Structure formats: structure tokens, C-alpha cells
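Read through the structure below, which is laid out as C-alpha cells, and then see the notes.
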Amino acid sequence: MARILVLNGPNLGRLGSREPDVYGSQDLEALATVLKSDAPRFEIEVRQTDSEPELMSWLFEAVDTKTPVILNPAAFTHYSYALRDAAAMVTKAGVPLIEVHISNPHSREEFRHNSVISAVATGVIAGFGFDSYRLALSQLTR
Ligand code: DQA
């Protein structure tokens, strides 16, 4: 069964209770349920970490196993050159990596307007709540 990694960065483990006005009231488990029902013929692995090296290690895994990635880098989006370099390894290996955001960072504080990841991502989807992930998934499974 083809696999897709859905990787989530810092603070996204608190989805559901964290700023529900911005991120909604559903948690990561609900996200996993909806993605799995959208793509039953794929093995969808939803993971979350607050650790930059762990998130990077999952991108190395994607390179080594040629597994497509949906990545919400969360706050790392805006400053982690280490994560950007790891994401570049994924797309340079010919493996798609779609950057997603629940909110639209461009409509928020100025520090969120820049993504160091976008330039090395296959594509970017932001601002549609959990549907940002679903849109990315539909692109990877078409
Ligand atoms: C986010 C947007 C980021 O600016 C923020 O740091 C997050 C979540 C989003 O999904 O909207 O943690 O990536």
C-alpha cells in the first residue's frame, strides 16, 4: 500500500485547544480520521513533534523510502533553515512535498509572512483549515 507522511511541527499537538479561533476545535486525531477516510487506498501516517531534529529525521526517512510528504512546519516555517535544507533533500530526490497551513499566515502577523520552506516545496496550500491537508492529499493521490 502506498504511504503518505503527514508531518506536523511544534505546537500542533495542541490542536483542538490551541487558539481555536485560528486553528479550529478539532485535534490531530480528527485530522487523521478525515484523511484516512479521504484516501482509504493509501497508508496515511499523521505524526507531530515539537522537535526540529525529529522532524528533520522524518524528512530523511521520506527521502530514503521515497514517501510523499504533506508538511505543516508550524513556526519552523518562518525561520528553520535546517528544516528547509531537509525539505530540499526530499524534493531534490523527486519526492513531492506539499507545505500546508491551517491558517493563512499572510493575513496574520508580519513574521508569519515569510516561509523559508516554500521555495523548496512542490506546492503550498494555506488558509483552508483541515481542508488544506485534504487538498494536498487529493493532489498526491490523483
Ligand atoms: C501554522 C501557521 C504558523 O505561522 C504557526 O506558527 C503554526 C501553524 C498553520 O498551520 O496555520 O504553528 O503553520
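In contact with a helix residue (DSSP H, G or I) (Cβ under 9 Å, 6 or more places away or on another chain), within 17 Å of Gly129 (Cα to Cα) and in contact (Cβ under 8 Å) with a residue 40 or more places away in the chain: is that true of Gly9 in this structure? When the stated conditions are applied, Gly9 passes them.
Only one of the listed residues (Arg18, Arg41) is more than 25 Å from Asn114 (Cα to Cα), charged (D, E, K, R) and assigned to a loop (DSSP other than H, G, I, E, B). That residue is Arg41.
From the list Ala86, Ala82, the one residue that fits, being touching a helix residue (DSSP H, G or I) at 6+ places or on another chain (Cβ under 8 Å), more than 24 Å from Asp27 (Cβ to Cβ), of a type in the set (Gly, Ala, Ser) and buried (at least 19 other Cβ atoms within 10 Å of the Cβ), is Ala86.
Taken over region 71-114, the residue count meeting the criterion of being within 9 Å of the ligand (Cβ to nearest atom) and of a type in the set (Ser, Thr, Tyr) is 2. Count of region 23-56 residues, restricted to those that are among the aromatic types (Phe, Trp, Tyr) and within 16 Å of the ligand (Cβ to nearest atom), is 1. What is the residue count in region 67-115 for residues that are assigned to a strand (DSSP E or B) and without any contact (Cβ under 8 Å) to a residue 40 or more places away in the chain? Counting residues in region 67-115 that are assigned to a strand (DSSP E or B) and without any contact (Cβ under 8 Å) to a residue 40 or more places away in the chain gives 4.
To keep it simple, each residue is scored yes or no on (1) on the phi > 0 side of the Ramachandran plot; (2) under 15 Å from the mean Cα position of the chain (by Cα).
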| position | (1), (2) |
| --- | --- |
| Arg41 | no, no |
| Ala86 | no, yes |
| Gly94 | yes, no |
| Ile98 | no, yes |
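Within the bounds of region 57-70, is there any residue that is closer than 16 Å to Ile117 by Cβ and within 12 Å of the ligand (Cβ to nearest atom)? Yes, because at least one residue in region 57-70 is closer than 16 Å to Ile117 by Cβ and within 12 Å of the ligand (Cβ to nearest atom). Being modelled with pLDDT of 95 or more, more than 11 Å from the ligand (Cβ to nearest atom) and not hydroxyl-bearing (Ser, Thr, Tyr) is not true of Gly129.
Pairing residues of region 47-59 that are farther than 19 Å from Leu28 by Cβ with residues that are crowded, with 19+ Cβ neighbours inside 10 Å and basic (Lys, Arg), at Cβ distances under 6 Å and at least 6 apart in sequence or on separate chains, gives no pairs at all.
Flag: Val100 does not match the condition of being over 22 Å from Gly24 (Cβ atoms), of a type in the set (A, V, I, L, M) and buried (at least 18 other Cβ atoms within 10 Å of the Cβ). Restricted to region 116-142, and to residues there that are in a helix (DSSP H, G or I) and of a type outside the set (A, V, I, L, M), the residue that is farthest from Ile102 (Cα to Cα) is Thr141. Taken together, Ser57, Ser17 contain a single residue that is surrounded by fewer than 21 Cβ atoms within 10 Å (Cβ to Cβ), at pLDDT below 95 and of a type in the set (S, T, N, Q), which is Ser17.
The values are calculated or read from the model by the stated rules, or taken from the named source; none is laboratory data. None of these values were measured; they are calculated from a predicted model. Reconstructed Cβ throughout: ideal geometry from the backbone, glycine too, with neighbour counts over all protein chains shown.
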